[in-house]
Each structure stands twice: as C-alpha cells, then as structure tokens.
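Input: a single structure, listed below in structure tokens.
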Amino acid sequence: DEERLLSTPIFEMPLLRRRKGSPFRTTDDIITAAHRSGELPVVAIAGGENEEALLAAKLANHEGAPKIAKFVLYGKYDKISHLAWELDIPLDDENFIIVDTDHPVQGAIGLLEAGIAATVMKGSVMTSDLLKGFFRSLKSQGKTGPGFLLSHIVFFDIPGRPKLIGVTDAAINPEPDLPARFRILDNALDVYDLLGIKKPKVAVI
C-alpha cells in the first residue's frame, strides 16, 4: 500500500480531445496533438548536462501523460548521469540514452542528419555553436537557397483568453531589414496554418 501511495501521480495531464479540424487554442492542444500511441519521436539534446533541458525532457516523457518524445543526451557521461540521478530521470537506454562525447553539437546534428532524431534541442552548449552547426548541416543538404531565413516563434497562453499568442522573432534575427521582416512573418504564418489558424491577427511591435 505504501509503494502504491508513493507512486501515485500528483499532477497528471489528461489527454484532451479537440474536434477534428478545429484550430489549436492552447498549448495543451499542441501537447495533446504531439502525443503518439506508437513510436515516439527522438529529440537529440546537445549538452545534456543542463538542468532545465533535462527537466523539460522528464516532463515530455516521464511525468504523467501524454508522453511526446524520447531523448538522446550528448555530453559528458558522468555529469549527465549524476544530474539525471538527482532529478530522478530513469536512464533506461530506451527513453533516455546518454552518448559520451566532447562534441555534443556535432553528435546531435549528426543524429538529425541520419534521420534518427526528429529535432535538436539546446542544452548546455552555446546558442551560437548550435546554430552554426545547424546552418552547416542545412547548407550541406542544399536547403539554404535564395530567400531562406531561419526565424524563431514561441507560443504561450494568457489565462482567460482562449487564443494562442505567438511572438516572432525574439531570438535569432536582432535587426531584420524590411525583406527579412516579410520572411519572418511568412514563416510564422506557415506555423499558424499548421495549427489550423488560417488568418491570425498580427501586431507589429
């Protein structure tokens, strides 16, 4: 009885059901849609010895439902394993795997190029190093042609407001000229379109 009590989830996220074809209105909608009953996508973390990154990975796989990804952690094995032990993350060689390396960016990008990882996530590495590695990878694959611009978008909820709020670009392009601003807006509209929001309202700050 004591074991059962100790293993009882305190905060468990329920699977919320959206009407098919309806737009995403909350970040919970996105998380639920990311849930898969079959094989989970792999996320490669560059610099796994990072508390915030590991906590995010734990939330995405280990605590409550739904599970949305599994993780390969690139970096120093001893540091990652010690931090994972402190955060109660099971290194089970299935959902959480450590790859001991002095070159975490190269390893994570390599897993992406091999088609094993679905995406790369920043851990304890420098943002500039991760972006350089990512751009080199895109260039080698011929994906950086004319008009290409990588931009960042973040979604969040405001309590009491039943709409997703997106902010772009707050991370990658600090001083975009007019053509770059058009590309940033176009990138954001593509993401909104994927979320079923066909004509979002845009405020230029």
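The values are calculated or read from the model by the stated rules, or taken from the named source; none is laboratory data. Every value quoted in this text rests on a predicted model; they were computed, and no experiment measured them. Ideal geometry is used to build each Cβ from the backbone, glycine not excepted, and the neighbour counts take in all protein chains shown. To get the accessible areas, we keep the full protein, side chains included, count just its heavy atoms, and leave off ligands, DNA and RNA. Shrake-Rupley method; radii C 1.70, N 1.55, O 1.52, S 1.80 Å.
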The range 37-122 - percent relative contact order, Cα under 8 Å, separation 6 or more = 39 percent
For V99, which sequence-distant residues (separation of 5 or more, or a different chain) have an amide H within less than 5 Å of its own amide H, given hydrogens modelled in the peptide plane?
-> L73, Y74, G75
State the percent of C-alpha pairs, over all pairs in the range 92-144, separated by a distance greater than 19 angstrom.
-> 26 percent
Probe 1.4 Å, protein heavy atoms only - accessible area per residue of the range 28-106 in square angstrom = 52 Å²
Under DSSP H, which helices of the chain have Cα atoms covering 24 Å or more of the helix axis and a Kyte-Doolittle average no less than -1.0?
-> 178-194
For the range 124-205, restrict the atom set to alpha-carbon positions and state the Rg and Dmax in Å.
-> 14.7, 46
Which part of the range 174-203 falls in the paramagnetic zone of T119, meaning amide N under 20 Å from the point 7 Å along Cα-to-beta-carbon?
-> 184-198
Estimated FRET transfer efficiency (S22, D177; beta-carbon r; R0 35 Å; 0.05) = 0.40
Under a 1.4 Å probe, what is the accessible area of the range 111-188 per residue, stated in Å²?
-> 67 Å²
Is the shape of the range 34-124 best called rounded, prolate or oblate, per the rule: a/c under 1.5 gives rounded, else a/b larger than b/c gives prolate, else oblate, with a ≥ b ≥ c the square roots of the Cα gyration tensor eigenvalues?
-> oblate
Count of lysine pairs in the chain with Cα separation under 18 Å (8 or more residues apart, or interchain) | 14
Can you send over the carbon and sulfur percentage of the accessible area for the chain, probe radius 1.4 Å, protein chains only?
-> 57 percent
May I ask you to derive the relative contact order of the chain, considering only C-alpha pairs under 8 Å and at least 6 residues apart, and to give it as an integer percent?
-> 20 percent
Taking every alpha carbon pair in the chain and sorting the distances into 10 angstrom bins from 0 up to the bin holding the longest one, the percent per bin comes out as 8, 27, 34, 25, 6, 1, 0
So how far, in whole Å, is the C-alpha centre of the range 21-52 from the one of the range 91-140?
-> 17 Å
Spread of Cα-to-Cα distances over 5 Å intervals beginning at zero, given as percent, for the range 72-173 = 2, 10, 16, 18, 16, 14, 13, 8, 3, 0
